Amino acid sequence: MVEYDDLEVTTADPSTNLYKPKYTNGLDWNPNRKLHNIMLQRLLEIARQSKGAMSSRYDSWKKIDHNLTGFMPMDDEQYLEKQLDSRKPVAVVVPMTFAAREAILTYLTGTFLDRDIFFPIDGVGPEDTLGALQMQHVLQQQAIHGDAELALHTQWSDSITYGLGILAPHWVEEHGNIITQQPSGYTNIDGQFIQTGSTQATEPGLLWEGHKFLNIDPYKYLPDPNVPGHKVQDGEFVGWNTTDNYLNLLAEEDQDDDMFNVRYLSGHHDHSVISGDDSGRTDRDSAFVVDTMASTRPTDLLVLYRKVVPKEEGLGDSMIPEKWLFVVANDRVIIKAKKLELNHNMFPVVVCAPDYDGYTTAPTSRMETIFGLQETIDWFVTSHITNVRKAVNDTFVVDPFRINVNDITSREGKPGGIIRTRRASWGQGVGDAITQLRVDDVTRGHMGDSQLMASWMNQVTGASESLQGVFDNAPERRTAQEFNSTHGSATSRLAKYARIIHAQSMRPLTRMMIAHTIQFMQKETFIKVNGEFGARLAREFGKEEDIQSGRLKVAPWELNINYDITPSDGRSNADVDAQTLFQLMQVALSNPQILAKYDMPRIWAAAARRAGEKNIQDFEIQMSVQDDDTIRDAVAEGQLQRVSNVQ
């Protein structure tokens with residue numbers, strides 16, 4: 001092990017002289033030690049270089065933020081107009097970019113989340129089949145508890161908006177007090193305990209364990225700029241900036257053996273120069289802007305996963321690269337440094353970049369491709385508003401020797417009123433003393449041009465009008481076949497989009513969640529069993545007796561399986577026409593060969609789900625299998641009849 005001399009560095013507050021943090025990895029991370037300061041400078045330099053590479057994209061992203069928030073910065077003239085009358089429109093953003101993004105997000109939500117299982121898997125061998133079935137239901141319960149739907153929606157939204165959507169799954173153990181029933185009674189003279197009742201007792205315990213999901217702001221994302229954006233695992237590092245507070249970190253240090261040095265931050269709550277909000281989301285006047293209060297103690301964190309050679313970095317004797325996690329607070333103190341010992345041996349970060357080109361770290365997003373069209377539409381509409389405002393304000397040509405000009409200017413912007421002529425003009429008429437200046441509306445065609453460009457935007461993004469539920473340009477009489485053909489062509493483009501997202505993000509996310517569950521899960525859990533899933537467990541695996549009240553107990557060792565991730569075709573459930581399935585069923589019911597080969601009740605249930613009934617299993621008839629003796633006794637008592645005897 002490399003030894004280091006002490007440095008004369010005073011980074012700690014004098015009040016923390018008695019503070020003795022525990023360094024569990026055998027290394028001395030005291031802020032006054034050479035190891036700490038060399039590593040700190042190395043981590044900060046990596047973050048600065050990554051930030052510098054990513055910052056070239058911020059200006060483009062800011063423009064997209066303005067479009068999505070409906071915000072256009074006003075110039076001085078527009079600002080004065082607004083000050084005079086806040087009701088006057090001066091510059092607007094037509095939210096076509098927002099509409100396109102919402103249409104795509106709706107499709108992705110239907111494709112991945114409109115199903116009973118978000119992360120479907122199959123067992124590799126016959127011995128893995130039952131474990132795979134149980135695992136995907138355990139993951140589903142973790143996803144619901146961890147609000148995976150919200151995290152995935154944010155990731156997809158970021159990928160459409162900025163070209164990158166970053167998500168970090170992490171295993172969480174929630175501890176608290178558990179109320180238990182303890183027997184109460186007395187011990188007799190023979191030493192036997194005689195229970196007379198029970199009392200409630202509270203004891204600490206594990207309340208829940210599973211996955212939580214952290215969305216990483218692309219503005220604060222720090223990837224390795226030498227690898228493509230979607231190949232995060234190929235980089236030497238990956239990290240991000242985030243903000244917490246001093247008290248939370250103190251509490252975490254008390255619970256987490258891998259956290260240290262937090263008290264050295266006392267009195268040092270200056271912000272990181274690397275962190276900060278570079279986005280344009282809060283530029284609008286009415287947007288909420290976070291203002292640091294003097295009474296709070298926010299702490300900027302740099303979270304960085306790195307591949308290191310321990311011997312070269314002074315972290316050990318090994319010459320084999322390892323993955324480590326480092327956390328730096330306020331660019332000043334390292335508060336976590338630990339070797340990652342995850343079974344999947346990956347950075348716990350997944351990135352989706354569906355508009356990737358295969359090479360770029362931060363590819364051009366789908367919303368960026370339509371920025372020029374959006375900007376042109378905004379200009380068309382704003383210029384039309386300006387022209388209308390000019391016409392509404394009425395511009396007059398006046399002979400000031402014959403008309404009282406003060407009467408005109410005092411009534412500016414007000415309806416009606418009286419305009420007086422000067423004494424010298426009394427009785428001469430006003431036809432040639434005042435006349436309204438003709439204002440031609442040269443922007444009349446702008447609204448039609450805007451609609452044309454909006455249709456171009458829909459074509460570029462794949463968010464067609466049929467996908468958005470808009471049929472303004474459709475013929476008056478449109479057949480179902482024409483609609484289905486148009487809608488199918490639109491959804492096929494987004495199906496390709498969804499398949500890329502599944503390959504880039506959903507698959508590695510599923511692998512990480514399975515590996516974490518196998519590695520960290522401690523206690524038994526229960527999964528919900530109903531419908532076809534319950535019938536299959538009873539039919540194929542003899543689990544009928546283990547299912548109690550629609551629940552099946554699953555032990556951690558049962559989930560240690562080999563698995564394959566079920567690929568996605570990118571199709572939303574809504575893409576499959578339920579009416580077509582019902583028509584196929586009518587054909588099948590008249591064909592004995594089809595009836596002999598396919599399970600018609602299951603096909604009917606699938607058609608019902610396509611039609612919108614999500615809980616079709618709730619209407620299933622619960623049947624039980626009885627032995628021959630029980631059936632004979634029931635027939636003898638008249639409780640059962642042969643089917644042939646039923647009229």
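The values are calculated or read from the model by the stated rules, or taken from the named source; none is laboratory data. Only a predicted model underlies this, so the values are computations on that prediction, with no experimental measurement involved. Note: ideal-geometry Cβ built from the backbone for every residue, glycine included; neighbour counts use all protein chains shown. Side chains included, ligands, DNA and RNA excluded: accessible areas come from the protein's heavy atoms. Shrake-Rupley method; radii C 1.70, N 1.55, O 1.52, S 1.80 Å.
Details
- Note on Lys496 and Ser455: with the Förster distance fixed at 22 Å, the Cβ-Cβ geometry gives a FRET efficiency of about 0.55.
- Between amide H atoms placed 1.01 Å from N, distances below 5 Å from Tyr598 occur with no residue 5 or more places distant or on a separate chain.
- In this simple spin-label model, placing a label point 7 Å from the Cα along the Cα-to-Cβ direction at both Gln428 and Asp633 gives a separation of 12.2 nm.
- Heavy-atom accessible surface of the stretch 364-408: percent carbon and sulfur, 1.4 Å: 62
- A 1.4 Å probe run over the stretch 132-222, with the rest of the protein chains in place, finds 45 Å² accessible per residue.
- When each of the peptides 125-131, 344-350, 33-39 is scored by how many other beta carbons lie within 10 Å of its residues on average, the order from highest to lowest is 344-350, 33-39, 125-131.
- Pairwise alpha-carbon distances in the stretch 305-378 exceed 14 Å for 74% of all pairs.
- Sorting the segments 183-190, 383-390, 157-164 by their residues' average number of neighbouring beta-carbon atoms within 10 angstrom, most packed first, yields 157-164, 383-390, 183-190.
- Length gained on full extension, Trp604 to Thr376: 77.1 nm, using 0.36 nm per residue less the C-alpha separation.
- You can think of it this way: the chain between Ala251 and Met585 has 114.1 nm of extra reach, that is 0.36 nm per residue less the Cα-Cα gap.
- The mean sequence distance of close C-alpha pairs (under 8 Å, at least 6 residues apart), as a share of the length of the stretch 320-382, puts its relative contact order at 18 percent.
- Most to least packed among 554-566, 353-365 [average Cβ atoms within 10 Å]: 353-365, 554-566
- Calculated FRET value between Val439 and Asp59, using beta carbons and R₀ = 41 Å, to 0.05: 0.65
- Pairs exceeding a 30 Å alpha-carbon distance, out of Lys212/Lys323; Lys307/Lys528; Lys231/Lys338; Lys34/Lys231: Lys307/Lys528; Lys34/Lys231.
- For the pair Lys597 and Asp564, a Förster radius of 41 Å applied to the C-beta separation gives a FRET efficiency near 0.95, rounded to the nearest 0.05.
- Under-5 Å amide H pairs with Ile121, H placed in peptide plane, nonlocal only: Thr566
- Using a probe of 1.4 Å on the protein chains alone, the accessible area found for Thr111 is around 0 Å².
- With θ taken as phi - 60° and the Karplus curve 6.51 cos²θ - 1.76 cosθ + 1.60 applied, the whole-hertz 3J(HN,Hα) list for the stretch 514-526 is 5, 4, 4, 5, 5, 7, 10, 5, 10, 10, 5, 9, 10 Hz, x standing for glycine and proline.
- Centroid-to-centroid separation of the stretch 136-166 and the stretch 240-268 [C-alpha atoms, Å]: 27
- Approximate spin-label separation Thr395-Ser410, in nm, with each point projected 7 Å along Cα-to-Cβ: 2.6
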